[in-house]
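In what follows, a structure is listed as structure tokens, so that the remarks can point back to it.
The values are calculated or read from the model by the stated rules, or taken from the named source; none is laboratory data. Since the model is a prediction, treat every value here as computed from it, not as a measurement. As a convention, Cβ positions derive from the backbone with ideal geometry for all residues, glycine included, and neighbour counts pool all protein chains shown. With ligands, DNA and RNA removed, areas are computed over all heavy atoms of the protein, side chains included. Shrake-Rupley method; radii C 1.70, N 1.55, O 1.52, S 1.80 Å.
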Amino acid sequence: MKRIPVMTAIGARPRARRAYRLGTGAAVAALVVVAAGCGGSSTSPPAGQATPAGHKGGTFTILANSSFGQADPAQNYTLEEWQLLIDTHDGLVGFAKAGGAAGNKIVPDLATSIPTPTNGGKTYVFHIRHGIKFSNGQTLKPSDFVTTFERQFTVPGPTSFYSDIVGASKCSTKGCDLSKGVVANDSAYTLTLNLTAPDPELMDQLSLPFAFAVPASTSMKLTGNNVPPGTGPYMWQSYNPNTQAVLVRNPYFHVWNAEAQPAGYPNEIVEKYGLQVSDEVTEVLNGQANEVYDGDAIPSDQLSTLNSPKYAGQVHVNTLTADYYFALNTRRPPFNNLQAREAINYAANRTAYIKIYGGPSLAVPTCQVLPPNFPSYAPYCPYTAGSSQTKWTGPNLAKARQLVQQSHTAGMKVVVDSQNDQVSKGIAEQMVSDLNAIGYKASTQLLAAGIQYTFVQNSSNSSKWNVAYSQWYQDYPAASDFLNVLLGCGTIHPNSDASPNIAAFCDQAIQSKINQAEAEGATNPSGAAALWTQVDHADTNAAPWVDLFNPKQIDVLSHNVHGYSWSPQWYILIDRLWLS
């Protein structure tokens, strides 16, 4: 979904979307027992049904430790903003606003239907709905999408999702001409997308905020803290990354497909920044606010309080398709050496990391990129004590120390970069301990959550760190969203804050398999799935990361919040919540 760079994420998000994290504490196991029944639930009206008038009104207030940084939807890659953008903007198609498995369904949004491709899977003709207006009163036209897609390259966006559009290969920050790839007919109200090759994941990619429509007059450069007008039920009244974001109703909105974009319940949605997470929990439980942002790490001493039967209806735990990991800087010593990368993978004490995060009921150790219950996942862990290679059982320090000596990197200084919240700091300190135990001289470098992810992405900062803590949550349910976006050669963007391949890892043999899997996705899905499994295991063997664990996520709401819905794509659906 997204990294949630601290979630971001969101963790980037992610996709950087911002990270979902919890503190330590034995209370976690009991907490999960109480709350697990809520996972993926939906007590709002099913997608496609009208919003009850009696549920409308009020101000829904979210408390977040920090903001999501850059607000321009062409570049922001955080779950924190995406959870708001899905209420203010729309794409040609979208994931259904529904809880549970129904939330993975792609439905028509600004297009009247999902087209069948022609030209060997390379051409899609969308019929655009009439009578839809942006929040500034301007009428939506097919030509608005030309600007939307061209901005992905002039801003630029942080991914290569739309690089198969005809003309995209010649685009840059200096300019972009997609006139042959994104063909708008404002008279017929059609939009034609022409691709250079079939893309079986195109509908997933068009459902992401990067493809959400903005007016044709929108600047081709970053809009800073100003979010361009959208077509959703809400609009951005203001955003100050130091204080708060305020969403109010879009006076021009009307429901055209309630499955994609219902009217929403709250009159206003406010996200406030700056409180300590412990204070966020206290205020929400006291009814002074409505939600603890689900990317904030809840301190362990508050988990026993949340486990109380008094709050059973206010605490929801859900399993996530996500990775928590340390990216190893392959640009410079010691981790430009494969043996050094293997060494820290053998040394990583994943039990300790999980304890810091919140315990085994909220995380499962992993050595590989793809998360469990995800397409093409096959369990694999070569970096463990014992002979099994299907699961992690414990560190192998003897093997790790041997590899450090063989790599001739013993005694080198190693900088571990992380966010500065309590849980991230603890995880970074554990990595320092693991590195020191095998012969390195490690130290932490702690940065504010709002800047850490962009800092480690930018190659101009690569000399300042060796190991970077990060998190990734699916953009959509496809193996490429992890294996190509995070470790593909095409997502290394030098000197850019939007380079999701933090490790700067590029293996041409692995990339060849990625390209083959992408090419076969439309015509040979089973063959492509097998290739993705091979890529996952090859990446694991190449060790550009130290994979730590796959997490679960907790939502904490005030007592007067009703209609909880959790989507596997967007997680908590804010506009589906109503206040009493």
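Quick look at the values:
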read-out: Test: VAL432 is assigned to a loop (DSSP other than H, G, I, E, B) and either within 30 Å of PRO200 (Cβ to Cβ) or touching a strand residue (DSSP E or B) at 6+ places or on another chain (Cβ under 6 Å) (or both); value: no
read-out: Residue that is nearest to ASN336 (Cα to Cα), among those in the range 393-431 that are of a type in the set (Asp, Glu) and either open to solvent by 80 Å² or more (accessible area, probe 1.4 Å) or modelled with pLDDT of 95 or more (or both); value: ASP417
read-out: Restricting the range 557-574 to residues that are open to solvent by 10 Å² or more (accessible area, probe 1.4 Å) and under 28 Å from CYS367 (Cα atoms), the residue that is farthest from the chain's Cα centre (by Cα); value: TRP566
read-out: Residues of the range 335-392 that turn out to be modelled with pLDDT under 95 and acidic (Asp, Glu), as a count; value: 0
read-out: Among residues of the range 336-373, those that are among the hydroxyl-bearing types (Ser, Thr, Tyr) and either out of contact with any Phe, Trp or Tyr (no Cβ under 8 Å at 6 or more places or on another chain) or under 15 Å from GLN553 (Cα atoms) (or both), counted; value: 3
read-out: Flag for SER418 being in a strand (DSSP E or B) and under 24 Å from the mean Cα position of the chain (by Cα); value: yes
read-out: Search result, residues across the range 362-373 that are open to solvent by 70 Å² or more (accessible area, probe 1.4 Å) and either among the aromatic types (Phe, Trp, Tyr) or part of a loop (DSSP other than H, G, I, E, B) (or both); value: ASN373
read-out: Residue list for the range 259-289, filter: of a type outside the set (D, E, K, R), farther than 20 Å from ALA71 by Cβ and open to solvent by 10 Å² or more (accessible area, probe 1.4 Å); value: ALA263, ASN267, LEU275, GLN276, VAL277, SER278, THR282, LEU285, ASN286, GLY287, GLN288
read-out: The range 433-457 - residue that is open to solvent by 20 Å² or more (accessible area, probe 1.4 Å) and within 23 Å of the chain's Cα centre (by Cα) and, of those, nearest to ALA347 (Cα to Cα); value: LEU446
read-out: ALA538 over 13 Å from SER376 (Cβ atoms) and of a type in the set (Gly, Ala, Ser); value: no
read-out: Search result, residues across the range 520-556 that are among the hydroxyl-bearing types (Ser, Thr, Tyr) and open to solvent by 40 Å² or more (accessible area, probe 1.4 Å); value: THR523, SER526
read-out: Flag if GLY230 is buried (at least 23 other Cβ atoms within 10 Å of the Cβ), out of contact with any Lys or Arg (no Cβ under 9 Å at 6 or more places or on another chain) and small (Gly, Ala, Ser); value: yes
read-out: Selected residue (only one of VAL255, VAL292 is farther than 20 Å from SER135 by Cα and either surrounded by fewer than 18 Cβ atoms within 10 Å (Cβ to Cβ) or aliphatic (A, V, I, L, M) (or both)); value: VAL292
read-out: Flag for TYR476 being modelled with pLDDT under 95, buried (at least 17 other Cβ atoms within 10 Å of the Cβ) and touching an Asp or Glu at 6+ places or on another chain (Cβ under 6 Å); value: yes
read-out: The range 131-154, residues that are of a type in the set (A, V, I, L, M) and under 21 Å from LEU195 (Cα atoms); value: VAL146
read-out: Out of PHE253, PHE212, sole residue that is among the aromatic types (Phe, Trp, Tyr) and either in contact with a His (Cβ under 8 Å, 6 or more places away or on another chain) or modelled with pLDDT under 95 (or both); value: PHE212
read-out: ALA102 vs. criteria farther than 18 Å from PRO229 by Cα and modelled with pLDDT of 95 or more; value: no
read-out: Residue check, GLN138 more than 24 Å from TRP472 (Cβ to Cβ) and either among the hydrophobic types (A, V, I, L, M, F, W, C) or open to solvent by 50 Å² or more (accessible area, probe 1.4 Å) (or both); value: yes
read-out: Tabulated pairs, the range 155-176, first surrounded by fewer than 22 Cβ atoms within 10 Å (Cβ to Cβ) and acidic (Asp, Glu), second at pLDDT 95 or above and part of a loop (DSSP other than H, G, I, E, B), C-beta under 7 angstrom, 6+ apart or interchain; value: ASP164/THR196
read-out: Residues (assigned to a helix (DSSP H, G or I), within 18 Å of the chain's Cα centre (by Cα), farther than 20 Å from PHE374 by Cα and of a type in the set (D, E, K, R)) located in the range 458-502; value: none
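Condition check ((1) touching a strand residue (DSSP E or B) at 6+ places or on another chain (Cβ under 8 Å); (2) in a helix (DSSP H, G or I)) across all residues:
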residue	(1), (2)
PRO375	no, no
THR393	no, no
GLY426	no, yes
GLN445	yes, no
